[in-house]
Amino acid sequence: MIQFDSKELSSSELEGLNAHFQERIDAEEKIEPKDWMPEKYRKNLIRQISQHAHSEVIGMQPEGNWITRAPTLHRKAVLLAKVQDEAGHGLYLYSSAETMGITREELIESLHDGSAKYAQIFNYPTLSWADMGALGWLVDGAAIVNQVSLQRTSYGPYARSMVRICKEESFHQRQGYHILMTLMEGSAEQKAMAQDAVNRFWWPSLMMFGPHDAASAHSAQSMKWKVKRQTNDELRQKFVDQSVEQAKAIGLTLPDPDLVWNEERGHFDFGEIDWAEFDRVVSGSGHCNRERVAHHRRAHDEGSWVRDAICAYEEKKRSREVA
Amino acid sequence: MTDNVNMKLYEVFLRSRRGLDHKHVGSLHAEDQEQALEYARDVYTRRGEGVSIWVVNSSDICASQESDCESFYDPLDDKPYRHATHYKLPDEVNSM
Ligand SMILES: [Fe+2]
Ligand SMILES: [Fe+2]
Ligand SMILES: [Fe+2]
(Lines give C-alpha, C1' and ligand atoms only; values in the text may rest on other atoms or scores of the structure.)
(Ligands and ions follow the chains in the order given, each with its own letter.)
Protein backbone atom coordinates (compact mmCIF):
# COMPACT_ATOMS: atom_id res chain seq x y z
CA MET A 1 0.00 0.00 0.00
CA ILE A 2 1.22 3.48 -0.78
CA GLN A 3 1.35 5.82 2.18
CA PHE A 4 1.42 9.49 1.32
CA ASP A 5 3.44 11.85 3.42
CA SER A 6 2.57 15.42 2.56
CA LYS A 7 5.88 16.71 3.83
CA GLU A 8 7.85 14.89 1.17
CA LEU A 9 5.78 16.22 -1.70
CA SER A 10 6.73 19.19 -3.85
CA SER A 11 4.27 22.05 -3.96
CA SER A 12 3.18 21.21 -7.51
CA GLU A 13 2.58 17.58 -6.55
CA LEU A 14 0.59 18.79 -3.57
CA GLU A 15 -1.46 21.08 -5.79
CA GLY A 16 -2.23 18.17 -8.09
CA LEU A 17 -3.36 15.99 -5.20
CA ASN A 18 -5.50 18.79 -3.81
CA ALA A 19 -7.13 19.37 -7.18
CA HIS A 20 -7.83 15.67 -7.62
CA PHE A 21 -9.26 15.50 -4.11
CA GLN A 22 -11.65 18.39 -4.77
CA GLU A 23 -12.67 16.94 -8.15
CA ARG A 24 -13.59 13.72 -6.42
CA ILE A 25 -15.71 15.60 -3.91
CA ASP A 26 -17.36 17.72 -6.59
CA ALA A 27 -18.28 14.50 -8.41
CA GLU A 28 -20.10 13.30 -5.24
CA GLU A 29 -17.57 10.54 -4.65
CA LYS A 30 -16.76 9.58 -1.07
CA ILE A 31 -13.32 9.92 0.44
CA GLU A 32 -12.15 6.63 1.96
CA PRO A 33 -9.55 6.07 4.72
CA LYS A 34 -6.56 5.20 2.54
CA ASP A 35 -7.07 8.10 0.11
CA TRP A 36 -4.80 11.09 0.14
CA MET A 37 -6.53 14.03 1.80
CA PRO A 38 -5.48 17.55 2.76
CA GLU A 39 -4.24 17.75 6.33
CA LYS A 40 -6.90 20.39 7.08
CA TYR A 41 -9.68 18.10 5.89
CA ARG A 42 -8.39 15.39 8.19
CA LYS A 43 -8.13 17.76 11.16
CA ASN A 44 -11.54 19.27 10.46
CA LEU A 45 -13.15 15.84 10.32
CA ILE A 46 -11.45 14.53 13.43
CA ARG A 47 -12.74 17.64 15.21
CA GLN A 48 -16.29 17.19 13.93
CA ILE A 49 -16.56 13.41 14.33
CA SER A 50 -15.02 13.39 17.78
CA GLN A 51 -17.27 16.24 18.90
CA HIS A 52 -20.18 14.19 17.65
CA ALA A 53 -18.92 11.04 19.43
CA HIS A 54 -18.38 12.92 22.70
CA SER A 55 -21.93 14.29 22.42
CA GLU A 56 -23.39 10.79 22.17
CA VAL A 57 -21.47 9.68 25.24
CA ILE A 58 -21.90 12.79 27.40
CA GLY A 59 -25.54 12.83 26.32
CA MET A 60 -26.08 9.65 28.33
CA GLN A 61 -25.70 11.59 31.59
CA PRO A 62 -28.80 13.83 31.63
CA GLU A 63 -30.94 10.79 30.77
CA GLY A 64 -29.04 8.33 32.93
CA ASN A 65 -29.99 10.68 35.74
CA TRP A 66 -33.62 9.52 35.45
CA ILE A 67 -33.29 5.77 34.87
CA THR A 68 -33.75 4.88 38.53
CA ARG A 69 -36.65 7.32 38.84
CA ALA A 70 -38.68 6.42 35.75
CA PRO A 71 -42.40 6.30 36.66
CA THR A 72 -42.99 2.72 35.45
CA LEU A 73 -40.93 -0.36 34.81
CA HIS A 74 -41.72 -0.07 31.10
CA ARG A 75 -40.50 3.54 30.88
CA LYS A 76 -37.39 2.49 32.76
CA ALA A 77 -36.65 -0.31 30.30
CA VAL A 78 -37.21 2.09 27.38
CA LEU A 79 -34.93 4.76 28.80
CA LEU A 80 -32.26 2.18 29.54
CA ALA A 81 -32.46 0.90 25.95
CA LYS A 82 -32.24 4.44 24.62
CA VAL A 83 -29.19 5.34 26.70
CA GLN A 84 -27.61 2.06 25.64
CA ASP A 85 -28.10 3.04 21.99
CA GLU A 86 -26.30 6.34 22.61
CA ALA A 87 -23.27 4.45 23.95
CA GLY A 88 -23.34 2.44 20.74
CA HIS A 89 -23.52 5.62 18.67
CA GLY A 90 -20.45 6.89 20.48
CA LEU A 91 -18.64 3.72 19.51
CA TYR A 92 -19.62 3.93 15.81
CA LEU A 93 -18.36 7.50 15.71
CA TYR A 94 -15.14 6.98 17.65
CA SER A 95 -14.23 4.13 15.35
CA SER A 96 -14.86 6.21 12.24
CA ALA A 97 -12.65 8.97 13.71
CA GLU A 98 -9.99 6.33 14.34
CA THR A 99 -9.85 5.52 10.61
CA MET A 100 -8.19 8.94 10.25
CA GLY A 101 -5.21 7.84 12.30
CA ILE A 102 -6.02 9.12 15.77
CA THR A 103 -6.32 6.84 18.79
CA ARG A 104 -9.27 6.44 21.16
CA GLU A 105 -7.01 7.44 24.05
CA GLU A 106 -6.12 10.73 22.35
CA LEU A 107 -9.79 11.43 21.67
CA ILE A 108 -10.79 10.80 25.29
CA GLU A 109 -7.88 12.85 26.51
CA SER A 110 -9.00 15.90 24.53
CA LEU A 111 -12.51 15.54 25.95
CA HIS A 112 -11.02 15.53 29.45
CA ASP A 113 -8.65 18.45 28.92
CA GLY A 114 -11.41 20.53 27.36
CA SER A 115 -9.84 20.94 23.91
CA ALA A 116 -12.63 18.89 22.31
CA LYS A 117 -16.24 20.03 22.63
CA TYR A 118 -19.58 18.24 22.79
CA ALA A 119 -23.10 19.48 22.13
CA GLN A 120 -23.91 22.42 24.42
CA ILE A 121 -27.39 21.02 25.12
CA PHE A 122 -26.07 18.38 27.52
CA ASN A 123 -24.90 21.04 29.92
CA TYR A 124 -28.49 21.77 30.91
CA PRO A 125 -29.84 19.90 33.93
CA THR A 126 -32.75 17.47 33.69
CA LEU A 127 -35.10 18.55 36.46
CA SER A 128 -38.25 16.48 35.97
CA TRP A 129 -39.49 13.30 34.36
CA ALA A 130 -40.99 15.41 31.56
CA ASP A 131 -37.43 16.39 30.60
CA MET A 132 -36.97 12.82 29.34
CA GLY A 133 -39.84 13.56 26.98
CA ALA A 134 -38.45 16.91 25.87
CA LEU A 135 -34.97 15.47 25.37
CA GLY A 136 -36.20 12.62 23.21
CA TRP A 137 -38.58 14.72 21.16
CA LEU A 138 -36.51 17.89 20.75
CA VAL A 139 -32.88 16.97 21.30
CA ASP A 140 -32.94 13.66 19.44
CA GLY A 141 -35.26 15.34 16.94
CA ALA A 142 -32.69 18.07 16.26
CA ALA A 143 -29.91 15.48 16.15
CA ILE A 144 -31.88 13.49 13.55
CA VAL A 145 -32.28 16.52 11.27
CA ASN A 146 -28.53 17.03 11.43
CA GLN A 147 -27.67 13.35 11.07
CA VAL A 148 -29.98 12.71 8.13
CA SER A 149 -28.12 15.45 6.30
CA LEU A 150 -24.75 13.97 7.33
CA GLN A 151 -25.62 10.62 5.75
CA ARG A 152 -24.37 12.37 2.60
CA THR A 153 -21.15 13.72 4.12
CA SER A 154 -18.03 13.25 1.98
CA TYR A 155 -16.06 11.00 4.33
CA GLY A 156 -17.16 7.39 3.77
CA PRO A 157 -16.81 5.94 7.28
CA TYR A 158 -18.60 8.96 8.81
CA ALA A 159 -21.42 8.74 6.26
CA ARG A 160 -21.88 5.03 6.92
CA SER A 161 -21.95 5.49 10.67
CA MET A 162 -24.66 8.14 10.15
CA VAL A 163 -26.77 5.66 8.18
CA ARG A 164 -26.51 3.17 11.03
CA ILE A 165 -27.29 5.78 13.67
CA CYS A 166 -30.29 7.24 11.83
CA LYS A 167 -31.90 3.81 11.71
CA GLU A 168 -31.86 3.74 15.51
CA GLU A 169 -32.79 7.35 16.24
CA SER A 170 -36.44 7.29 15.26
CA PHE A 171 -37.26 5.20 18.31
CA HIS A 172 -35.54 7.81 20.50
CA GLN A 173 -37.60 10.69 19.25
CA ARG A 174 -40.86 8.76 19.33
CA GLN A 175 -40.42 7.48 22.89
CA GLY A 176 -39.75 11.07 24.02
CA TYR A 177 -42.77 12.40 22.21
CA HIS A 178 -44.81 9.56 23.66
CA ILE A 179 -43.81 10.60 27.19
CA LEU A 180 -44.98 14.17 26.53
CA MET A 181 -48.15 12.97 24.82
CA THR A 182 -49.03 10.82 27.82
CA LEU A 183 -48.40 13.70 30.23
CA MET A 184 -50.54 15.98 28.05
CA GLU A 185 -53.41 13.51 28.44
CA GLY A 186 -53.04 13.65 32.22
CA SER A 187 -53.79 16.03 35.09
CA ALA A 188 -53.25 19.79 35.07
CA GLU A 189 -50.00 19.27 36.97
CA GLN A 190 -48.75 16.74 34.45
CA LYS A 191 -49.59 19.08 31.57
CA ALA A 192 -47.76 21.90 33.31
CA MET A 193 -44.74 19.67 33.83
CA ALA A 194 -44.62 18.78 30.12
CA GLN A 195 -44.98 22.42 29.09
CA ASP A 196 -42.27 23.49 31.53
CA ALA A 197 -39.83 20.96 30.08
CA VAL A 198 -40.53 22.22 26.56
CA ASN A 199 -40.11 25.83 27.72
CA ARG A 200 -36.66 25.03 29.04
CA PHE A 201 -35.44 22.85 26.17
CA TRP A 202 -36.85 24.60 23.09
CA TRP A 203 -34.24 27.36 22.77
CA PRO A 204 -31.23 25.21 23.69
CA SER A 205 -32.43 22.74 21.01
CA LEU A 206 -32.35 25.49 18.38
CA MET A 207 -28.82 26.33 19.51
CA MET A 208 -27.74 22.74 18.75
CA PHE A 209 -27.48 23.70 15.07
CA GLY A 210 -24.70 26.14 15.91
CA PRO A 211 -24.12 29.80 15.06
CA HIS A 212 -25.79 31.55 12.12
CA ASP A 213 -24.13 30.72 8.79
CA ALA A 214 -22.53 34.17 8.58
CA ALA A 215 -20.94 33.72 12.01
CA SER A 216 -19.93 30.08 11.72
CA ALA A 217 -16.18 29.57 11.77
CA HIS A 218 -16.05 26.28 9.87
CA SER A 219 -19.12 26.45 7.66
CA ALA A 220 -17.84 27.68 4.28
CA GLN A 221 -14.90 25.26 4.05
CA SER A 222 -17.03 22.39 5.37
CA MET A 223 -19.62 23.03 2.65
CA LYS A 224 -16.96 23.14 -0.05
CA TRP A 225 -15.53 19.83 1.16
CA LYS A 226 -19.09 18.53 1.52
CA VAL A 227 -18.40 17.55 5.10
CA LYS A 228 -21.57 19.50 5.79
CA ARG A 229 -24.34 19.24 3.19
CA GLN A 230 -26.71 21.85 4.54
CA THR A 231 -25.94 24.97 6.53
CA ASN A 232 -26.72 25.50 10.21
CA ASP A 233 -29.57 27.87 9.37
CA GLU A 234 -31.13 25.56 6.77
CA LEU A 235 -31.14 22.67 9.22
CA ARG A 236 -32.48 24.81 12.05
CA GLN A 237 -35.33 26.02 9.82
CA LYS A 238 -36.22 22.45 8.95
CA PHE A 239 -36.36 21.55 12.62
CA VAL A 240 -38.55 24.53 13.51
CA ASP A 241 -40.97 23.76 10.68
CA GLN A 242 -41.44 20.13 11.69
CA SER A 243 -41.68 20.88 15.42
CA VAL A 244 -44.58 23.33 15.14
CA GLU A 245 -47.08 20.75 13.99
CA GLN A 246 -45.78 18.14 16.42
CA ALA A 247 -46.26 20.54 19.34
CA LYS A 248 -49.75 21.47 18.18
CA ALA A 249 -50.86 17.85 17.83
CA ILE A 250 -50.59 17.28 21.59
CA GLY A 251 -51.43 20.77 22.80
CA LEU A 252 -47.93 22.03 23.64
CA THR A 253 -46.91 25.65 23.06
CA LEU A 254 -43.46 26.51 21.76
CA PRO A 255 -42.10 29.38 23.88
CA ASP A 256 -41.54 31.91 21.10
CA PRO A 257 -43.95 34.84 20.56
CA ASP A 258 -42.34 35.54 17.16
CA LEU A 259 -43.09 32.09 15.81
CA VAL A 260 -45.38 32.68 12.83
CA TRP A 261 -46.00 31.15 9.40
CA ASN A 262 -44.43 33.13 6.58
CA GLU A 263 -46.45 32.47 3.43
CA GLU A 264 -43.86 34.06 1.18
CA ARG A 265 -40.94 32.01 2.46
CA GLY A 266 -43.01 28.89 2.95
CA HIS A 267 -41.44 28.51 6.39
CA PHE A 268 -42.06 29.56 9.95
CA ASP A 269 -40.35 32.74 11.10
CA PHE A 270 -38.98 32.54 14.59
CA GLY A 271 -37.36 34.76 17.20
CA GLU A 272 -33.66 35.43 17.72
CA ILE A 273 -31.63 32.98 19.75
CA ASP A 274 -29.88 34.25 22.86
CA TRP A 275 -26.35 33.92 21.53
CA ALA A 276 -24.82 35.22 24.73
CA GLU A 277 -26.27 32.19 26.50
CA PHE A 278 -24.96 29.94 23.73
CA ASP A 279 -21.43 31.36 24.09
CA ARG A 280 -21.60 31.02 27.84
CA VAL A 281 -22.58 27.38 27.73
CA VAL A 282 -20.13 26.46 24.96
CA SER A 283 -17.26 28.15 26.75
CA GLY A 284 -17.81 26.14 29.92
CA SER A 285 -20.22 28.13 32.08
CA GLY A 286 -23.43 26.17 31.59
CA HIS A 287 -25.13 24.63 34.61
CA CYS A 288 -23.51 21.24 34.25
CA ASN A 289 -20.28 21.65 32.20
CA ARG A 290 -17.94 20.83 35.03
CA GLU A 291 -20.09 18.04 36.38
CA ARG A 292 -20.40 16.33 32.96
CA VAL A 293 -16.67 16.16 32.31
CA ALA A 294 -15.83 15.34 35.91
CA HIS A 295 -18.32 12.47 35.82
CA HIS A 296 -16.84 11.15 32.58
CA ARG A 297 -13.35 11.37 34.00
CA ARG A 298 -14.43 9.56 37.14
CA ALA A 299 -16.18 6.79 35.22
CA HIS A 300 -13.13 6.45 32.99
CA ASP A 301 -10.74 6.26 35.94
CA GLU A 302 -12.93 3.88 37.88
CA GLY A 303 -13.11 1.64 34.83
CA SER A 304 -9.36 1.37 34.48
CA TRP A 305 -9.21 -1.83 36.55
CA VAL A 306 -11.45 -3.49 33.94
CA ARG A 307 -9.08 -2.51 31.14
CA ASP A 308 -6.13 -3.65 33.24
CA ALA A 309 -7.81 -6.97 33.98
CA ILE A 310 -8.48 -7.57 30.28
CA CYS A 311 -4.82 -6.93 29.46
CA ALA A 312 -3.63 -9.16 32.30
CA TYR A 313 -5.94 -11.96 31.17
CA GLU A 314 -4.74 -11.66 27.57
CA GLU A 315 -1.15 -11.81 28.71
CA LYS A 316 -1.79 -14.87 30.84
CA LYS A 317 -3.50 -16.61 27.93
CA ARG A 318 -0.61 -15.78 25.61
CA SER A 319 2.01 -17.04 28.05
CA ARG A 320 0.04 -20.29 28.44
CA GLU A 321 -0.03 -20.75 24.69
CA VAL A 322 3.74 -20.30 24.50
CA ALA A 323 4.36 -22.70 27.37
CA MET B 1 3.78 -32.62 -7.85
CA THR B 2 3.48 -29.92 -5.22
CA ASP B 3 0.10 -29.30 -3.69
CA ASN B 4 -1.08 -26.18 -1.96
CA VAL B 5 -1.23 -27.49 1.59
CA ASN B 6 1.03 -24.67 2.68
CA MET B 7 -0.98 -21.97 1.00
CA LYS B 8 -3.13 -19.99 3.37
CA LEU B 9 -6.81 -19.38 2.89
CA TYR B 10 -7.89 -15.75 2.54
CA GLU B 11 -11.36 -14.26 2.69
CA VAL B 12 -12.01 -11.56 0.11
CA PHE B 13 -14.09 -8.41 0.67
CA LEU B 14 -14.95 -5.93 -2.08
CA ARG B 15 -16.09 -2.34 -2.03
CA SER B 16 -18.08 -2.03 -5.21
CA ARG B 17 -18.30 1.74 -5.07
CA ARG B 18 -16.84 4.49 -2.92
CA GLY B 19 -19.07 5.17 0.03
CA LEU B 20 -20.27 1.57 0.40
CA ASP B 21 -19.16 -1.03 2.93
CA HIS B 22 -16.84 -3.84 1.86
CA LYS B 23 -18.83 -7.02 1.29
CA HIS B 24 -17.65 -10.58 1.54
CA VAL B 25 -17.46 -12.17 -1.91
CA GLY B 26 -15.52 -15.41 -1.38
CA SER B 27 -12.11 -16.80 -0.62
CA LEU B 28 -8.90 -18.00 -2.26
CA HIS B 29 -5.53 -19.57 -1.50
CA ALA B 30 -2.35 -17.50 -1.60
CA GLU B 31 1.19 -17.43 -0.22
CA ASP B 32 0.92 -14.02 1.37
CA GLN B 33 -1.20 -10.88 1.57
CA GLU B 34 0.18 -9.20 -1.55
CA GLN B 35 -0.40 -12.31 -3.61
CA ALA B 36 -3.88 -12.68 -2.17
CA LEU B 37 -4.69 -9.12 -3.25
CA GLU B 38 -3.50 -9.79 -6.79
CA TYR B 39 -5.39 -13.06 -7.03
CA ALA B 40 -8.48 -11.39 -5.65
CA ARG B 41 -8.18 -8.70 -8.30
CA ASP B 42 -7.83 -11.38 -11.00
CA VAL B 43 -10.65 -13.63 -9.90
CA TYR B 44 -13.19 -11.33 -8.26
CA THR B 45 -12.95 -8.01 -10.10
CA ARG B 46 -12.53 -8.85 -13.77
CA ARG B 47 -15.55 -6.72 -14.66
CA GLY B 48 -14.91 -3.75 -12.47
CA GLU B 49 -16.82 -5.20 -9.53
CA GLY B 50 -14.67 -3.43 -7.00
CA VAL B 51 -12.78 -0.22 -6.31
CA SER B 52 -11.17 -1.57 -3.16
CA ILE B 53 -10.27 -5.06 -1.98
CA TRP B 54 -9.64 -6.36 1.52
CA VAL B 55 -8.07 -9.74 2.09
CA VAL B 56 -8.07 -11.31 5.54
CA ASN B 57 -6.57 -14.58 6.70
CA SER B 58 -9.51 -16.93 7.14
CA SER B 59 -7.99 -18.23 10.34
CA ASP B 60 -8.09 -14.68 11.74
CA ILE B 61 -11.85 -14.55 11.47
CA CYS B 62 -13.64 -15.25 14.69
CA ALA B 63 -17.23 -16.23 14.00
CA SER B 64 -20.31 -16.79 16.11
CA GLN B 65 -22.01 -20.15 15.70
CA GLU B 66 -25.53 -20.31 14.39
CA SER B 67 -26.24 -23.27 16.67
CA ASP B 68 -25.45 -21.04 19.65
CA CYS B 69 -27.81 -18.42 18.35
CA GLU B 70 -30.52 -18.82 20.89
CA SER B 71 -28.43 -18.23 23.96
CA PHE B 72 -26.19 -15.72 22.17
CA TYR B 73 -28.98 -13.40 21.05
CA ASP B 74 -31.58 -14.35 23.61
CA PRO B 75 -31.57 -11.20 25.76
CA LEU B 76 -32.12 -9.00 22.68
CA ASP B 77 -35.26 -10.66 21.43
CA ASP B 78 -37.80 -9.52 23.99
CA LYS B 79 -37.45 -5.75 23.59
CA PRO B 80 -40.06 -4.60 21.10
CA TYR B 81 -39.76 -1.07 22.54
CA ARG B 82 -36.42 -0.74 20.74
CA HIS B 83 -38.40 -0.35 17.53
CA ALA B 84 -39.92 2.91 16.36
CA THR B 85 -43.21 1.19 15.51
CA HIS B 86 -43.75 0.31 19.17
CA TYR B 87 -44.93 3.89 19.86
CA LYS B 88 -48.43 4.71 18.62
CA LEU B 89 -48.58 8.39 17.73
CA PRO B 90 -51.32 10.58 16.24
CA ASP B 91 -51.60 10.25 12.45
CA GLU B 92 -50.56 13.80 11.66
CA VAL B 93 -47.16 13.31 13.31
CA ASN B 94 -46.67 9.61 12.68
CA SER B 95 -43.93 10.18 10.09
CA MET B 96 -41.61 11.16 12.93
FE1 LIG C 1 -27.38 11.75 19.30
FE1 LIG D 1 -27.46 8.99 19.20
FE1 LIG E 1 -30.57 9.39 20.15
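The values are calculated or read from the model by the stated rules, or taken from the named source; none is laboratory data. It should be emphasised that the depicted structure is a prediction, and the values quoted were computed from it without experimental measurement. In this analysis, Cβ positions are derived from the backbone assuming ideal geometry, glycine residues included, and neighbour counts consider all displayed protein chains. Just the protein is used for accessible areas: all its heavy atoms, side chains included, with ligands, DNA and RNA removed. Shrake-Rupley method; radii C 1.70, N 1.55, O 1.52, S 1.80 Å.
In the range A:146-161, which residues are within 16 Å of ligand 2 (Cβ to nearest atom) and among the charged types (D, E, K, R)?
A:ARG160
Conditions tested, residue by residue: (1) open to solvent by 40 Å² or more (accessible area, probe 1.4 Å); (2) away from ligand 2 (no atom under 16 Å from the Cβ); (3) of a type in the set (Gly, Ala, Ser).
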| site | (1), (2), (3) |
| --- | --- |
| A:THR68 | yes, yes, no |
| A:LYS76 | yes, yes, no |
| A:VAL83 | no, no, no |
| A:ALA87 | yes, no, yes |
| A:SER96 | no, no, yes |
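Looking for whichever is modelled with pLDDT under 95 and not aliphatic (A, V, I, L, M) here; the options are A:ARG318, A:ARG292, A:ARG265, A:ARG298. Which one fits?
Working: A:ARG292 fails: modelled with pLDDT under 95; A:ARG265 fails: modelled with pLDDT under 95; A:ARG298 fails: modelled with pLDDT under 95.
Exactly one of A:ARG318, A:ARG292, A:ARG265, A:ARG298 is modelled with pLDDT under 95 and not aliphatic (A, V, I, L, M), namely A:ARG318.
Just name the residue that is farthest from ligand 3 (Cβ to nearest atom) out of those in the range A:174-184 that are open to solvent by less than 10 Å² (accessible area, probe 1.4 Å) and at the interface with another protein chain (Cβ under 9 Å from one of its Cβ atoms). Give the derivation first.
First pass over the range A:174-184, keeping only residues open to solvent by less than 10 Å² (accessible area, probe 1.4 Å): A:175-177, A:179-180.
Subset that is at the interface with another protein chain (Cβ under 9 Å from one of its Cβ atoms): A:175, A:177.
Values: A:GLN175: 10, A:TYR177: 13 Å.
If we take residues in the range A:174-184 being open to solvent by less than 10 Å² (accessible area, probe 1.4 Å) and at the interface with another protein chain (Cβ under 9 Å from one of its Cβ atoms), then A:TYR177 is farthest from ligand 3 (Cβ to nearest atom).
From (1) away from chain B (no Cβ under 14 Å); (2) outside any loop (DSSP other than H, G, I, E, B); (3) out of contact with any helix residue (DSSP H, G or I) (no Cβ under 7 Å at 6 or more places or on another chain), pick out the condition that doesn't hold for A:ILE49.
With respect to (1) away from chain B (no Cβ under 14 Å); (2) outside any loop (DSSP other than H, G, I, E, B); (3) out of contact with any helix residue (DSSP H, G or I) (no Cβ under 7 Å at 6 or more places or on another chain), A:ILE49 is out only on (3).
Restricted to the range A:204-218, and to residues that are surrounded by fewer than 19 Cβ atoms within 10 Å (Cβ to Cβ) and not charged (D, E, K, R), which residue is nearest to A:PHE21 (Cα to Cα)? Break it down stepwise before answering.
If we filter the range A:204-218 for residues that are surrounded by fewer than 19 Cβ atoms within 10 Å (Cβ to Cβ), which is where we start, we get A:211-218.
From what is left, the residues that are not charged (D, E, K, R) are A:211-212, A:214-218.
Working: A:PRO211: 28, A:HIS212: 28, A:ALA214: 26, A:ALA215: 27, A:SER216: 24, A:ALA217: 22, A:HIS218: 19 Å.
Here the answer is A:HIS218.
Residue check: is A:LEU9 hydrophobic (A, V, I, L, M, F, W, C), over 22 Å from the mean Cα position of the chain (by Cα) and open to solvent by less than 80 Å² (accessible area, probe 1.4 Å)?
Yes.
For the range A:61-100, what are the residues that are near ligand 1 (Cβ under 10 Å from one of its atoms) and among the hydrophobic types (A, V, I, L, M, F, W, C)?
A:LEU93
Is at least one residue of the range A:307-321 under 28 Å from A:PRO62 (Cβ atoms) and either assigned to a helix (DSSP H, G or I) or open to solvent by less than 60 Å² (accessible area, probe 1.4 Å) (or both)?
yes
Please specify each residue of the range B:77-95 satisfying the condition of being in a loop (DSSP other than H, G, I, E, B) and within 17 Å of A:ALA77 (Cβ to Cβ).
Scanning the range B:77-95 gives B:ASP77, B:ASP78, B:LYS79, B:HIS83, B:TYR87.
Okay, residues lined up against (1) over 30 Å from A:GLU169 (Cβ atoms); (2) more than 13 Å from chain A (Cβ to nearest Cβ); (3) in a strand (DSSP E or B):
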position: B:LEU37; (1), (2), (3): yes, no, no
position: B:ASP42; (1), (2), (3): yes, yes, no
position: B:ALA63; (1), (2), (3): no, yes, no
position: B:ASP68; (1), (2), (3): yes, yes, no
